[in-house]
1. Report every pair of residues separated by at least 6 positions or lying on different chains whose Cβ atoms are under 9 Å apart, first residue within the stretch 169-195 and within 15 Å of Asn295 (Cα to Cα), second hydroxyl-bearing (Ser, Thr, Tyr) and not in a helix (DSSP H, G or I).
2. Where the second residue is among the hydroxyl-bearing types (Ser, Thr, Tyr) and surrounded by 18 or more Cβ atoms within 10 Å (Cβ to Cβ) and the first is within 15 Å of Ser167 (Cβ to Cβ) and in contact (Cβ under 8 Å) with a residue 12 or more places away in the chain and lies in the stretch 303-329, which pairs have Cβ atoms under 8 Å and are six or more apart or on separate chains?
3. Mind counting the residues in the stretch 141-173 that are touching an Asp or Glu at 6+ places or on another chain (Cβ under 6 Å) and over 17 Å from Leu28 (Cα atoms)?
4. Answer yes or no as to whether Leu17 is in the same structural domain as Asp96 (by TED's automatic domain parsing), farther than 16 Å from Ser328 by Cα and in contact with a strand residue (DSSP E or B) (Cβ under 8 Å, 6 or more places away or on another chain).
5. Taking the stretch 202-241 as the region of interest, how many residues are in a helix (DSSP H, G or I) and surrounded by 13 or more Cβ atoms within 10 Å (Cβ to Cβ)?
6. For a quick check of your reading of the model, give me the residue pairs whose first member lies in the stretch 196-216 and is β-branched (Val, Ile, Thr), whose second is assigned to a helix (DSSP H, G or I) and modelled with pLDDT under 90, with beta-carbon atoms closer than 8 Å and at least 6 apart or on different chains.
7. Being over 12 Å from Pro8 (Cα atoms) and surrounded by 19 or more Cβ atoms within 10 Å (Cβ to Cβ) is the filter here, so list the residues in the stretch 75-91 that pass it.
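The values are calculated or read from the model by the stated rules, or taken from the named source; none is laboratory data. Since the model is a prediction, treat every value here as computed from it, not as a measurement. Heads up, the Cβs are rebuilt from the backbone with ideal geometry, glycines too, and the neighbour counts pull from every protein chain shown.
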Amino acid sequence: MRIAQVAPLYESVPPKLYGGTERIVSYLTEELVKRGHDVTLFASGDSLTQAKLVPICPRALRLDSKCVDQLAHHVLMLEEVVARRHQFDLIHFHIDYLHFPVSRAMEWTTLTTLHGRLDIPDLLPLYRAFRNMPVSSISDAQRAPLPWLNWQGTIYHGLPENQYEFSPKPSGYLAFLGRTSPEKGLDKAVEIARRVGMPLKVGAKVDAIDKKYFGTYLKPLVNGPGVEFLGEVGFPEKNELLGRAEALLFPITWPEPFGIVMIEAMACGTPVIAYPAGSVPEVVEDGITGFIVPNADAAVKAIQKLESFDRAACRRRFEERFTASHMSSQYLRLYETLLRSQGEPVPDSSGVPIG
């Protein structure tokens, strides 16, 4: 099958440091190439892939100090996709709604994975106007604000099975990994760690929009006793940070569409202690891969259960549910369904039509 993957340009594919969507695009792209499909990746020029790379800008836009208008680069990318559209059986977009007018007018065979939150009022009239565009979700919870979209399926994120090493023996600290925005709950993580008297290691990204909040509210907390602020943490450093942790704290207060860090922790055998918002009840299996708790009091009680937690069972559940191989198999089934629904032949990895 000839497949185009169209990634956001904010981070490279895969990202050098923080980055969710681009990381998943990388895992999916490399798995499809490994299976013999003809894959073209539209991404920043510093991306690394076994697919055919169409570089749109020299480097990831977030790390490019000279970049002023990020949208301009994405419009240029759409022009490149238009120019090459006849090279593909299907185009898989990961850039939200940006391509909708073009791909609908040209009647391409597309799938759009929506990676972000959908409860923003500004999105409602836009998605009503494009409600027939075929889209996929990364959790069932993500769909709740817009249940009437043309949903093709929910496909959970997956990681390469051997990217994260299983860590049977933790080292006595708790971990937090994510952005420093209010909804991610770093303040709650600090509170929980201090209440149980355990060190907290924080790998966190400070976006420009969060600098004021971080400086006035979070910085005094993370500079206090028992907290080690590491800044942005990339791979493979994340493996050690998560693998040696007793637990990952995930006290979110927003409708998290998925939360990749949860399955990264599970891959290490590290339990996730999370508040039940967004995708959490779908991703975390209470008592098996972590503990779903309603508040800080319950989180403290969950930490007291960690001595008996089966880290090997946690790792096994990751292997059963959240590998890149499993994810790519599900996407391939969606691609085939979409091609058949439009009367198109469905080629296999060698380009020969099947069925």
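1. The qualifying pairs are Glu183/Thr253; Lys184/Thr253; Gly185/Thr253; Gly185/Tyr275; Leu186/Thr180; Lys188/Thr253; Lys188/Tyr275; Ala193/Tyr173.
2. Cβ pairs passing all conditions: Arg311/Ser167; Arg311/Thr270; Cys314/Thr270; Cys314/Thr289; Phe318/Thr289.
3. Residues in the stretch 141-173 being touching an Asp or Glu at 6+ places or on another chain (Cβ under 6 Å) and over 17 Å from Leu28 (Cα atoms): 2 in total.
4. The answer is yes for Leu17.
5. So the count comes out to 13.
6. Between residues of the stretch 196-216 that are β-branched (Val, Ile, Thr) and residues that are assigned to a helix (DSSP H, G or I) and modelled with pLDDT under 90, the close pairs are Val202/Val222; Val206/Phe214.
7. The answer is Val81, Phe88, Asp89, Leu90, Ile91.
Residues are listed down the side, and each one gets a yes or a no for (1) part of a loop (DSSP other than H, G, I, E, B); (2) in contact with a helix residue (DSSP H, G or I) (Cβ under 7 Å, 6 or more places away or on another chain); (3) not assigned by TED's automatic domain parsing to the domain that holds Leu230:
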position: Tyr97; (1), (2), (3): yes, yes, yes
position: Ala105; (1), (2), (3): no, no, yes
position: Ser136; (1), (2), (3): no, yes, yes
position: Pro145; (1), (2), (3): yes, no, yes
position: Trp151; (1), (2), (3): no, yes, yes
